[in-house]
Every structure is written in C-alpha cells, then in structure tokens.
Amino acid sequence: MNPTDEARNPADDKVGKVADPGREGRARAGLDVVRVLRRIDRIGRARFAVGAIILFFFLGTFAYLPAWPGDPSRIVSCACGDSVQQSWFLGWLPWALLHGHNLFFTNWFDFPSGVNLATNTEMPLLGLITAPLSLTAGPIASYGLLLWLAFPLSAVSAFFVLRRWTGSNLGAFFGALLYGFSPYMVNQGLVHLNLVFVPLPPLILMALIEIVVVQRSSPFSWGVLAGVLISAQYLISPEVLATVLVMSAIALIVLAAARFRSINRARVDHVLHALAPGIGIPLVVLAYPIYFLLVGRSHLNGPAFPLNSPYRADLLGMVVPTLGELFAPHHLAEIGTSYVDRDLGENGSYLGIPLLVLTVASIVRYWRNPWIRLLSVLAASAFVLSLGPRLVVANHLTQIALPFDILGRLPLLDNILPARISLYATFFVAVIISLAVASVTRGPRPRPARRQLPIHVAVAVLAVAALLSLVPAWPYPTVDPNSAVPSFFRTPASSEIPDGAVVLAFPFPTYPWNQAMLWQAVDKWRWKIIGGYALIPTPSGSSELPPALQPPAVQEFLDYWDVPRGIADSVSRKRLPANSKLVSDLRDYVRRNDITAVIFEPAGRDAAFVLSRFERAFGRPHKIGGVEIWTAPDRR
C-alpha cells in the first residue's frame, strides 16, 4: 500500500468545464511550480538516488572543514572530554582484540578498579569497522571519519526508506535532508558519535512496519533483517536502540487501537513467524554484552543520570533557535541554547516556525490519510517524551508531570536522556513532509484555479524560510590533537615508560581534562593510567569521576590544581591546603597503587606549584619531550 494513495481529496478528481481560455491560461500559470516538481520527481529512480547521495556527502563535507574524512591531525571541539574518550574507545577495540583482552572491560584506565565498557559509549561495531584505520592512522582518524559519515549515511538511509513508503523521489529527498541534517544531528555532531551515527533507526522502523502492517513479503526474511539491525544498533548505541523500540511500541499500540477490527489470525501468525529470527538473533549476538551491562564487573548500580536530569527539552525549544543554526539572531540563539543546561550538544529539539506551519498545514490537508494521523500522534509523543518528567517553559521548571516521569523509572529505560528523543520528533515530521510532497508530485493533478496561485506562493515562501532557518552553523571548530600530546610520546624516548607500567599523569585525567587518555592511545596502550573519564559505579549510583584512591587527599589535590585558572577561580570551593603531609601522602599514593611512573606536563592552574610538590616527594625528574618524568618513584 502506498501511503500517498490515501491522501487523495475526492474534490481533486472532479474536472470542471473551463469557459474562459484566458482564465485557464492564468490559472495554469499558478501551477507551473507543481508541474516543475512533478517533472523533477519523475527523473529515473537510479539517477535521482545517485544525485541525492552525492549531494548528501557533499553537504556533510562542510561540517568539519578544514579537516578531511579520516584526518588524524584534526579533532572536533577540543582534544579533551567526549572527543578523546570516544576516540579512545574506537582505538581500544582493535588493540584489545589483537592482545586478547575483554572487549567490554578494561583497567587500562581508572586503574586499579577498571571500567565496564558495556555501560559506556564503547561502540564496538564502529570500532570493528574502522579497526584498520585505527591501527594505521590512529583512533582520531577513525573518530573523524565516522563523524563525517554519520550525516550522509543517516540521510541516505532515510531517503531509501521514505522513497519506499511514498514512491516519491522529491518527497524522500526533502524528508532525508531534514532527518540527516536536522538540528539534533548538527548539535550532537559536536561531541557524540554514538548518538549522531543514526542510519539504522529508519531501517528498523521500516522492518517493523513491513512485519506488522504491510505483510507482503516473507516474514522470516524481514524478521532476520530486523534482528540484524537491532543487534547492530545495540553495538553502536544501546540508548538509541532503547528509544527506537519505545517509539515502535507506541506506534504498535496506536495501530492496534485504530485497526483492532482488522486484526485476525493470519496477521498475527505473520508477526509470530517474524519474531523467531527478530528476537532470536539479538539474543544470541547480544547475550554477553547485555550480561556484562547488567551484572559484569564494575557495572552501574543505578541510572547514569537522575530522573530530574537537566538534559530535557524546553517547551519553547521547538521554535527558538540555538547557536547551531547559521541564520539565527545571536541573542535569540543564546536563549535557545540555554534551554538544555546550556549544552548545545544535547539541544536538538528545534524545528522552526516555518517548518512547523508547513507540518501542521500538511496534517490538516491530509488528515484523512491514516498514515498522517499515525505520524502526527508519533511526532507529538516523541516531543512530549523529550520534555522529560516535568514540563519546563523558558527554563522555568513547573510541577506539571509528563509521561517520561513513568518511562524514566522503568528498568533498562532509566538511562535514557529525554532530550535525545527529539531525534524521533524530527524523523516523524520528516515523514509527514515527505508524504505531503509525494501527494503533490505523485497524486492526482490539482484542478486549475486562480486562487491556487497565492497558496503556492505561500507554500514556496514557507519552504524556503524553513530551509534557511535550519542551515547549520558549519564548519565546527576543530583543533590539532597533537597540541595536547607532548612530543615525548611520539619519540623512542617514550620507552622510558616500561611496558605494562601504571602511570600517574598530570594533568590528572578526569572530565573534561582527560588528555592523558590521548597520550596513552598515541603510545599504543603500552601502559595503564590512574583516573580517566567514564561512567564509574559508586555506592549511590554512578559517576563521571574516578573514585578517589587512598589516600584520597592526593587525588583531590591533583584534580583541583590541574583545572585551568579561569575555571578554578570560579569554582565554589576553597583552595586545598598544600601542607607538609601532602608530600608523604604522594609517596603513600604511589606505593599503595603500584605506580611505576609519574609524568608531568606543565599545564593547568599553577602547574609550577604541583611540580614542586612532585620534586619534594620523588626528587629531580628527567625532563624530555615537553614532560617531566619519574620512573620507579616508589624507590626514590
């Protein structure tokens, strides 16, 4: 069934007599745009698809300029925080495979307790795909390549799914453009590879629609495809898989309620035949990763973020732009960016007033189409869920409870951040727009009428305004990661650190100053580090900070003094005393935690003071390649 078939207006099929040839000519002038769109839409499917794919990859290229795909000398945002962490994860997987390590646990950072990678953003499938590049050019190259691929691949996936649903080249193109380059994608592309690499959700939804609704092909084949896609998505991002399954469940509930009388034994049997491979394949492929997520060593004791996390959309976020849009007024964009805890990367709910008007007009015009009604409910549901457990309006938290207050308490769903569900609000809006365009380009020819000219002009103006309002503020800022890696780690001198050594690094690696994880990756994971950036369990839940080792005063001291001065001056805590006991605590810290090397880079707030403490504790260091190094400090 072609969804556009049910969007027809019976009035469109009535052909009236034209008494005035001049009037007919004037009326047809108003239809020139429609004729052009119809002509474009009838370009050969293969030729149109090739052109669309080339354009998507061309647009994605602008995101990270001057970096090129797979560029090991540029990294987005900064050589710190999520960018370094996710690069580390991508490089760790092939290294762990070659050295026989557990793919879902490591103590190569956060030594000695280690990190459960299954509860973090490891992305093992992406690490496996880019393993050759990571092993040759390094994990920064893999990270950059995958970020670049995320935009065009997500758009291409949506294009073929939407064209299958609508039969329209142009409808699929505009919908794919909206999905693949939406504000959600643009803002997540700053920091979160696991959340921006989303070519699979449209394919998963397509497979489920084929199994439950269309039911024209082999249920076993579609079940196999669904099982493979679900498994692959989990190995990229369990959170994205959880949210796409939540939206699928809502769709099934709405469909069951709307078509209850059409459910019969044959339809149920078709679904049951698809369930065996659809569930069986993920159970086999994901058994160990899910086991390690739930009960593996160092697994989280509770949700990664509290239910009242600030990472939820604002009611006004859909109409107020952010700094991610190129043509947004700066003052207004700053307001919009502040709606999600001033975190641009998590702020992806913006659609803009012109697009919303087009969407509402499309819903009203084609309301009799059951697909339009279903998509309207799904888009509204996704937006409401993205608002979190309590309604927030213009950064004002109200006491109005929302459905996420229930969803966010369910087991296995309590790690979802509501703001990220805005991906699906955008996708369902994209499908609505695709169906509306398809109805114009593939539906019955509109009846000539003079009054249609103003309507066509208004729609054209809104379409152009919608496109302009969503143009991303590209390129992203990129930096040279080599600036965060002292030359010591790129020379044979790094062999001063013994293989398998435990290293205490300064700046102390924690969020967001985790450059030591990058040092470790550049030096091919020859040694382990104290600290690091990951979700690590604590008695009360989880934390992004490494647990303080004994004696904890040392870690507190290093964690404070490595913060840049501008931030350290603004933190609301007192300066930690550096008394004589600190020197003995440093020696005790080294002995207790089997530290075999201390590496100091003169960076951060009052680094010279920290260096003086190290020298008093361990003696004079060996200065080489931009670092000070002490080997076997426990024997000094």
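Readers should treat all values here as calculations from the given coordinates under stated rules, not as data from a laboratory. Since this is a predicted model, take the numbers as computed values, not measurements. For neighbour counting, all protein chains shown are included, and Cβ atoms are generated from backbone atoms with ideal geometry for every residue, glycine included.
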Among the complete DSSP H segments of the chain, which ones combine at least 15 Å of alpha-carbon extent along their axis with a mean Kyte-Doolittle hydropathy of 0.5 or more? 45-61, 139-166, 169-180, 219-234, 238-258, 265-285, 353-365, 370-386, 422-441, 452-469, 607-618
Taking 25 Å as R0, compute the FRET efficiency from the Cβ-Cβ separation of Leu356 and Ser221 and round it to 0.05. 0.05
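Tell me, what does the Kirkwood hydrodynamic radius of segment 198-299 come to in angstroms if you use every pair of distinct C-alpha atoms? All intermediate terms of the calculation are to be shown ahead of the outcome.
Values: mean 1/r = 0.0694 Å⁻¹.
Taking the inverse mean of 1/r over all distinct Cα pairs, segment 198-299 comes out at 14.4 Å.
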Sorted by mean Cβ packing within 10 Å, highest first, what order do the peptides 134-144, 492-502 take? 134-144, 492-502
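Let me know the charge dipole size of segment 198-299 about its Cα centre in debye, to the nearest 20, where only the beta-carbon of Lys, Arg (+1) and Asp, Glu (-1) is charged. Walk me through the numbers before you get to the answer.
On the way: 6 positive and 3 negative charges, 58 e Å.
Result for segment 198-299 is approximately 280 debye, rounded to the nearest 20.
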In whole Å, what is the distance between the alpha-carbon centres of segment 87-161 and segment 384-424? 29
Listed residue (Ile43, Val115, Trp92) projecting farthest to the positive dipole end of segment 40-140, Cβ model: Ile43
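Per DSSP H run of n ≥ 4, the term is -39500 (n - 2.57); total these for the chain, divide by its residue number, and report the mean residue ellipticity at 222 nm rounded to 500 deg cm²/dmol. Mind dumping the intermediate values first?
Numbers: 26 runs with 320 residues, N = 636.
Calculated mean residue ellipticity at 222 nm is -15500 deg cm²/dmol.
Would you mind working out the magnitude of the charge dipole of the chain relative to its Cα centre, with +1 at each Lys and Arg C-beta and -1 at each Asp and Glu C-beta, to the nearest 20 Debye?
Computed charge dipole of the chain: roughly 2240 debye.
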Among (i) 41; (ii) 20; (iii) 9, which one is percent of Cα pairs over 49 Å apart computed from these coordinates? (ii)
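Neighbouring Cβ atoms within 10 Å as the yardstick, rank Ser376, Ser362, Ser487, Ser154 fewest first.
Final ranking by Cβ density, sparse to dense: Ser487, Ser376, Ser362, Ser154.
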Just want the answer: with Cβ charges of +1 for Lys and Arg and -1 for Asp and Glu, which residue in Ser221, Val271, Leu235 is farthest toward the dipole's positive end in segment 198-299? Val271
Burial ranking of peptide ranges 616-624, 351-359, 400-408, 193-201 (average Cβ count within 10 Å, highest at the top): 193-201, 351-359, 400-408, 616-624
For a protection proxy built on the mean count of beta-carbon atoms within 10 angstrom, sort 114-124, 181-191 highest first, please. 181-191, 114-124
Compute the distance from the alpha-carbon center of segment 259-290 to that of segment 493-508, in whole Å. 51
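Could you compute the FRET efficiency for Phe609 and Leu294, with r as their C-beta to C-beta distance and R0 at 45 Å, rounded to 0.05?
Numbers: r = 45 Å, r/R0 = 0.99.
Once rounded, the FRET efficiency stands at 0.50.
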